[in-house]
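What follows draws every value from the coordinates through simple rules; no lab data is involved. It should be emphasised that the depicted structure is a prediction, and the values quoted were computed from it without experimental measurement. Every residue, glycine as well, gets a Cβ built from its backbone with ideal geometry; the counts of neighbours run over all protein chains shown.
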Amino acid sequence: MARETSVTGVEQFFEEDELIVSKTDLKGHLTYTNDVFLRIAGYSEQECKGQAHNMIRHPNMPRSVFALLWEHIQNGREIFAYVINRCKNGDHYWVVAHVTPSRSATGSIVGYHSTRRVPERSVIDTKIKPLYDQLLAEENKHSNRKTGLEAGVNMLRSMLKEQNMEYDEFIAAL
């Protein structure tokens, strides 16, 4: 499925008591999306099934944060992250994502499960947006996307090291 990258600047919201849930295979292809996911993102279940989860990736979301997320979950660790997602129509929505590996009966990782909640607006406005703007600027100042990604990851790791925190501690402290 070709992914439209236009954005409207219009934010969508979901209720405090709602959860956005999705599951993927090991390569990040959607195997399950709940009704809240479909309603907020504006896709049908048929449009999502088998597609890469990044079909909802917003262009203002730093790739370096996703790199850290993938590192955690591929190593069998859960992670929390603030994420801006893009709706099918170009609108966007913010979430706090809790992503965990899904395991077989023998303990092997067989996919990933993500549950998203409504984030705290003040955290987004005062902490997350400024950080993501810095990371994006660093990623985008490199003509080579791989080099830009590495630079963003290094910037994020350096910031965490200066604060003497792991990423999980940083998110929990927000």
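Quick notes on this structure:
- Top-ranked residue in the stretch 124-141 [being aliphatic (A, V, I, L, M) and buried (at least 16 other Cβ atoms within 10 Å of the Cβ); ranked as nearest to residue 94 (Cα to Cα)]: 124
- Subset of the stretch 97-108 that is free of Cβ contacts under 8 Å to residues at least 40 places away in the same chain and in a strand (DSSP E or B) - its residue that is surrounded by the most Cβ atoms within 10 Å (Cβ to Cβ): 99
- When residue 49 is tested against (1) surrounded by fewer than 17 Cβ atoms within 10 Å (Cβ to Cβ); (2) closer than 21 Å to residue 159 by Cβ, only condition (2) is not met.
- With respect to the conditions (1) without any contact (Cβ under 8 Å) to a residue 60 or more places away in the chain; (2) part of a helix (DSSP H, G or I), residue 119 falls short on a single one, namely (2).
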